[in-house]
Number of protein chains: 2
Amino acid sequence: MIENKYLRSFVNRSRFLFGLSVVIIGFSNNVNAQKKTAEKRNLIQYVDPMIGTAKMGHTYPGATVPFGSVQLSPETDTIAYSVNGKYNGDVYKYCAGYQYEDKTIVGFSHTHFSGTGHSDLGDFLIMPTTGKLQLNPGVASKPQSGYRSAFSHSTEKAEPAYYSVLLEDHKIKAELTATTRVGMHQYTFPKSDEAHIILDLTSGIYNYDKKNVWTFVRIENDTLITGYRQTNGWARTRTVYFAMSFNKKIKSYGQATPEKSVYRGFWGRFDQTKNFPEMAGQNLKLFFDFDTEEGEKIKIKMALSPVSSAGALENMKKEVPGWDFEKVKKQSQEIWNNELNKIQIEAIQKEDFVNFYTAMYHAFLGPTEYMDLDGNYKGLDMNVHTADKFTNYTSYSLWDTYRALHPLFNIVQPKRNSDMVSSMLAHSDQSVHKMLPIWSHYANENWCMIGYHSVSVVADAIVKGNTNFDPEKALQACVNTARVPYYDGLELYMKKGYVPEDKNGASVSKTLEYAYDDWTIAQAAKKLGKTEIYNEFIERSKNYKNVYDAKTGFMRPKLDDGTFKKEFDPLDTHGQGFIEGNSWNYSLYVPQDPAEMIKLMGGNDKFNVRLDSLFSMHLPDKYFENTEDITRDGIIGNYVHGNEPSHHVVYLYNWTNSPWKAQDKIRMILKKMYRNGADGLGGNDDFGQMSAWYIFSSLGFYPVAPGSEDYALGSPLVKNAIFNLENGKTFEVETVNQSEKNVFVSKVLLNGKQLDKPFLKHSEVINGGKITFYMSAKPNKKKY
Amino acid sequence: MIENKYLRSFVNRSRFLFGLSVVIIGFSNNVNAQKKTAEKRNLIQYVDPMIGTAKMGHTYPGATVPFGSVQLSPETDTIAYSVNGKYNGDVYKYCAGYQYEDKTIVGFSHTHFSGTGHSDLGDFLIMPTTGKLQLNPGVASKPQSGYRSAFSHSTEKAEPAYYSVLLEDHKIKAELTATTRVGMHQYTFPKSDEAHIILDLTSGIYNYDKKNVWTFVRIENDTLITGYRQTNGWARTRTVYFAMSFNKKIKSYGQATPEKSVYRGFWGRFDQTKNFPEMAGQNLKLFFDFDTEEGEKIKIKMALSPVSSAGALENMKKEVPGWDFEKVKKQSQEIWNNELNKIQIEAIQKEDFVNFYTAMYHAFLGPTEYMDLDGNYKGLDMNVHTADKFTNYTSYSLWDTYRALHPLFNIVQPKRNSDMVSSMLAHSDQSVHKMLPIWSHYANENWCMIGYHSVSVVADAIVKGNTNFDPEKALQACVNTARVPYYDGLELYMKKGYVPEDKNGASVSKTLEYAYDDWTIAQAAKKLGKTEIYNEFIERSKNYKNVYDAKTGFMRPKLDDGTFKKEFDPLDTHGQGFIEGNSWNYSLYVPQDPAEMIKLMGGNDKFNVRLDSLFSMHLPDKYFENTEDITRDGIIGNYVHGNEPSHHVVYLYNWTNSPWKAQDKIRMILKKMYRNGADGLGGNDDFGQMSAWYIFSSLGFYPVAPGSEDYALGSPLVKNAIFNLENGKTFEVETVNQSEKNVFVSKVLLNGKQLDKPFLKHSEVINGGKITFYMSAKPNKKKY
């Protein structure tokens, strides 16, 4: 069913007239006939923004550009809308505002995280309606109880930078596109003298606990609205400013009149609820009335700014000066196509194209640009800063993305990745803790998850020489971050070499991740010749040994008194010293020194058995229930791919004498965990980390330990791939005898020379060249 | 009793070593011996900031500089503090935060209006305490129930730019001084290992209805704090930023933990309530702990900014780089002395010196500077604007201050007044209504009171040629303002020539004030040669005739159908078509054309009787109760001096054939309405308007109709006065035979030439010269 749907989808999309000269490539039956080429192809046709919109994928289907500040996407529900005005509590389900199974659309808001396991944003919900004015969204079971509308997936179309759907209750065709800072709406109305545009500033994602702090709106003239929304959500103090323009004069407008939304002093002297051009309060809901002819298009440009409505207006004027919706859509889709063409693949079958380019699409959704066109943005200190010679980014889901996404960026987005480091350094400068970000968005640190993995991102860039920033300053920021005593058990970690479980929960996960992070600092220090820092942190990087319990063979929570915690179940997660991963998975988290870890765990043979078991054992339900953020589809045996701590695990075979054991498993994971269709993702995409794993692994290599130059080789899924690098060079991944069944690698040539170990260096990629995988249905059981 | 107090006070103040060469002038017994001189005198010694702090004066006693952004003053209570956490409802009483009768001080906050009849502000309350840490203010009846302290007026000292008091419960001597943007505190502690500084961001004036919207604080290092407070008070959307510095390292710090003040994501992982350097939430209360030696001084600099904490920090660095409290105090007092020396008087008796220079002091407390040192400020649109070639001011109590305060500024503060007009023009540019301010403060229009009297201020400046702004643009802003149809009955006023009482209350007051305002626009248009505008607005200026009821001889509310409202009591105010004045008072409100008004009201004799009655009749209690903002002291007969609409009334005798009748009454008003002592003001000082009346009238002339060049002559109270004008010229007011009893003027010479009518022109003042009043105990009943 899903395949048929996507086949239809391809046919439809092929009709899309792409503005560039493109080479239309086909599917498995004619791949061999294709010429390998760096010529630009039409790749956006393979992107399906619907993938991950069902269940726990937490992706959004709406319109955005690569790393764009605006993510204009439908909300099918959010926490705010529930029966009888009570929160339904399912805020997690609506992290991206959209669930594929839903039957109604509440409206279209302008900011969304992609694939996260926590939520926020959902700013400036716009909904076009006809008929009786309703200022409440109503409930899904009765769409006509409010401004929401029923819709059907059959009228829905999602492409990069384009989304459209028929709002059935209002007989309005909604179309959305976006530039970096501007969302553009095109609503095709029926004839009506009761046509409305609702702007609901009370709507939002993660609308817990009176999220709105303040809202402020001015009707500047008969087509222009400005204002802002200030929220206390996941980000504690967050304000987004806007400028909103209509292509048609407003007939009349007004607001709902909740508490505090009118001027105290003026109340009674005249009507502030209708056609009064300034409004402010905690909970503004506005409406704009129009008369429409049959088929008339009302267009809206909504520009955002992190600084001011004046900034938003400038952004609008410069990014979308006109009203040509098709032109904006075309330009933004060209931008997408340029980004997607950074890796041109040939695949075995059609589904793989879709998975690959949708992964590329999802990988390029964040971090997002966070500044006005003039470089101004609001910093952590709530002061306005100017990004000096870099583009400022925000929304760092670093516990996820340090693993593969930022390493991927060091290959295909080096300029952006270096700017992301610059943004993190600016964050550190502004931070009152002088810390690099943990999980930061919109000028707020939300402290989500553990570790201080920004240091891995910084160190990886330093080690790989991708530094349009001051590396010594960056190293110092890493060191500062790793030395903040009051941060999450760090004082005891520094003192004792581990986080004591009785002092600070998830202590093993923290100890292991701190140790890895420390190792990346050491690597950066080494590269920069800072011996003292190297010595300090290489020593700290060995702290993983302090939580290894030789008796059980597992990493195990240790108490403040130096003894291991008595009760211990390596299959369990919570309260056991771990987070998002049990000891079976987390015990393998020593990416910085797998060889030493294997030795610690009894050597090659014992470790082989252990790894094999991980993938083959059954995880009983009672443990699965403690596994966060994923469906059953997200695990294989006890290997939890849907969460990140095991992302490197399959590649650990490369440090044993059986690298071949990784190869079929990688191909299995690629097939099992990434599928076409709305429910194609087994867990949160986690702002592109899951997608980055797919991209690396399908290309045959993976960064087990960011902060090192090394990639571990696996088993490519593609038939061929060309990296079009920013430095003008190309790196080619070639396969021989590639097929669905030929999942094993019999030999690998790098630039024609056979490799004697299953590793590749970053410099070997970035300097251009070719790697050739000889594929086979049978493993090559030699150690390489 | 009061006199004795002030006599002591003078003696004390004479000990004050003033940094300039000063001429110490004495009191009545040696005035004649003094040499008239433009040499700088020590005039701050005559200022008593306590005047008006009792009852309804609504002045504050704390430290500020002329037109300063910071008004650092004690709060004896505010609405926020009441029994059992319930509002006591007496927000009006605490407009200035301080009531003389109170026995406890809650703390010292940094922003206060002077003399207003509505309240707001009270930002950043600081209180030093010793002993057990208490984070609630407690109640006045039990000061030890909270951080507040008992105090006594005997330890209290209030001077321009200096305030000090002993906080008895904590044994701390508190001293305050200020620069334009920085409040400086000096607290002398006893020996204590429990010394605290409380920073209560929940405290505020007009703390109705959860005034705090958001508070945000960072502990930048062990002496520096930054942050902001955002409120929804009288100003709907108002944010003040701060940077606060200690002269001593903080030992430890923390916050009370109300709802939402901690990071959601981080809660539980470590303690955010103690020594965690970033805090945000709706209701932050902070404490800073110190150890103190006996007599140790903890000093605090608190800098404010309307833009950002970075701006506040820059303001601090530049305005108060060091820690020398005495030096700051001395500099700020020198600034005061310079301003006070703009008019040097000789008086009949000591009380008059105090009344005069305290009036000067109060007149120079607002509008207040509202921008960072770099010229940046937040505008009505919440965007940051830069004041281009002017100083930006805020807090325009225009319904009051257009009458005499801004005209006074056109003489003694022309640069500032012109900049105030520029500030109002910027407001108009930013206004979504394109209107000049009505009652505006801190980038908010609060729409308080009636009329659009900014046009009077603008026109007065244009007519008097005090225009460092573009007068044509300014005129256009006036015209725009006067044509906004949805503003407070204006559409009907424009259509019908009056505001119909059945459509919009206080209709007579509005009609009369609009008509006057329109006349000022006509005068400005005439000066600028804009005939069309002149014609339009001179026509509108006659609209006062439309609410004159010839039958009763009073201005009377008219209905939409053109008939007068039936029930009518010219002694009553509310619901009678008036506001802050009954028809007896308001019927005389035709300052733009008293001659025509007198004709309308039956001519000279009838009008004389009428005016005489006003001052001699008794206003029964039931009417007095409807008179706002004043005590019984604020009225003479039915003449209500405590409210503004009658401020010009006594001078109307100048348009009759009995100008002499004004003279004794003016002297009576000066004596009766302005007295030494905390309860010396009969009503709100109204941001200097009451004081400006005093200053003008005691100097012998008054601007009956701002927008004209003319001043009406009265009866000077001073013996002599020298205006030291900004243009370098001096204008002298001289009296002959001046005494308490010689209240009548027998003749007036201007530059030696006898005047034949009781008027003076602005140009005659501003170009320098001398006016000589010959005083007598008997009236000169000739018409002049």
Pull up all non-local amide H partners of B:Ser203: gap of 5 or more, or a different chain, and H-to-H distance under 5 Å with H placed in the peptide plane. B:Leu125
Ascending list, in nanometres, of distances separating the A:Gly637 label from those of the other copies (7 Å, Cα toward Cβ): 10.6
Distribution output for the stretch B:537-628: share of Cα-Cα pairs per 5 Å bin in percent, first bin at 0, values 3, 13, 23, 24, 20, 13, 4, 1
Among A:Val458, A:Gln230, A:Thr573, whose Cα lies farthest out toward the positive end of the dipole of chain A, if unit charges sit on the beta carbon of Lys, Arg (+1) and Asp, Glu (-1)? A:Val458
5 angstrom amide H check on B:Val213, placed H, neighbours 5+ away: B:Gln230, B:Thr231, B:Asn232
Calculated diffusion of the stretch A:608-743, Stokes-Einstein form, Kirkwood radius summed over Cα pairs, 10 °C and 1.306 mPa s, µm²/s: 100
Place the label 7 angstrom along Cα→C-beta at A:Lys389 and in each other copy, then list the distances from the first to the rest in nm, shortest first. 3.7
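Ratio to report: Rg/Rh of the stretch B:501-543, with Cα atoms as the point set and Rh obtained by the Kirkwood method; give two decimals. All intermediate terms of the calculation are to be shown ahead of the outcome.
Numbers: Rg = 11.9 Å, Rh = 10.6 Å.
With Rh from the inverse mean 1/r over Cα pairs, Rg/Rh is 1.12.
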Roughly how far apart, in whole Å, are the Cα centres of the stretch B:317-348 and the stretch A:668-722? 71
Amide H to amide H, which residues 5 or more places from B:Gly769 or on other chains are under 5 Å from it, using H placed in the peptide plane? B:Thr730, B:Phe731, B:Glu732
Over the alpha-carbon set of the stretch B:436-513, work out the extent along each principal axis and list the three values in angstrom, largest first. 43, 29, 18
Just want the answer: with Cβ charges of +1 for Lys and Arg and -1 for Asp and Glu, which residue in A:Gln134, A:Ile219, A:Met184 is farthest toward the dipole's positive end in the stretch A:52-330? A:Ile219
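For the stretch B:374-560, compute Rg over Rh where Rg is the Cα radius of gyration and Rh is the Kirkwood radius from the inverse mean 1/r over Cα pairs.
We get a ratio of 0.98 for the stretch B:374-560.
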Please work out the Kirkwood hydrodynamic radius for the stretch A:52-330, using every pair of different C-alpha atoms, and report it in angstroms with one decimal place. 18.3
Test item: Cα-centred dipole of the protein assembly as shown, Lys/Arg +1 and Asp/Glu -1 on Cβ, debye: 1200
Note on chain A: contact order normalised by length, alpha-carbon pairs under 8 Å, 6 or more apart, percent, works out to 12
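At 222 nm, what value in deg cm²/dmol follows for chain B if DSSP H runs of at least 4 each add -39500 (n - 2.57) and the sum is divided by all its residues, to the nearest 500?
-7500 deg cm²/dmol
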Any of A:Lys40/A:Lys329; A:Lys93/A:Lys299; B:Lys318/B:Lys434 with alpha carbons more than 29 Å apart? Name them for me. A:Lys93/A:Lys299; B:Lys318/B:Lys434
Can you run phi through the Karplus equation (6.51, -1.76, 1.60; θ = phi - 60°) for the stretch A:211-219 and list ³J(HN,Hα) in whole Hz, with x for Gly and Pro? 4, 5, 9, 7, 9, 8, 9, 10, 8
7 Å along Cα→Cβ for the label point: how many nanometres lie between B:Lys761 and each equivalent label in the other copies, listed shortest first? 9.3
Can you give the direction-averaged projected area of the convex hull of the alpha-carbon atoms in chain B, in nm²? 32.0
Charged-residue dipole, Cβ positions (Lys, Arg, Asp, Glu), the stretch A:52-330 about Cα centre, Debye nearest 20: 500
Give a residue-ordered list of calculated ³J(HN,Hα) values for the stretch B:687-700 (Karplus: 6.51 cos²θ - 1.76 cosθ + 1.60, θ = phi - 60°; whole Hz; x for Gly, Pro). 6, x, 5, 4, 5, 5, 4, 4, 4, 4, 5, 6, 9, x
Semi-axis lengths, Å, the stretch B:473-624, gyration tensor of Cα atoms, sqrt of 5 times eigenvalues: 28, 19, 13
In sequence order, calculated HN-Hα J values of the stretch B:40-53 (Karplus, 6.51, -1.76, 1.60; Hz; x Gly/Pro): 5, 10, 7, 9, 5, 4, 8, 7, 10, x, 6, 4, x, 7
With respect to the symmetry axis carrying chain A onto chain B, which residue of chain A exhibits the smallest Cβ distance to that axis, and what is the value in whole Å? A:Val213, 3
Could you calculate the FRET efficiency of A:Thr531 with A:Asp502 from 1/(1 + (r/R0)^6), where r is the beta carbon distance between them and R0 is 45 Å, rounded to 0.05? 0.80
The protein assembly as shown - Rg over Rh from alpha carbon coordinates, Kirkwood radius: 1.05
Over 17 Å apart: what share of the alpha carbon pairs of the stretch A:659-725 falls there, rounded to a whole percent? 46
Rounded to the nearest 0.05, what FRET efficiency is calculated for A:Ala150 and A:Glu326 with R0 set to 35 Å and r the Cβ-Cβ distance? 0.80
At most 14 other Cβ atoms within 10 Å and a DSSP loop assignment: could you name the chymotrypsin sites (Phe, Trp or Tyr not before Pro) in the stretch A:511-562 that fit? none
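Rule-based calculations on the coordinates, nothing more; no lab input. These numbers come from a predicted model, not from an experiment. So basically every Cβ, Gly included, is an ideal-geometry build from the backbone, and we count neighbours across all protein chains shown.
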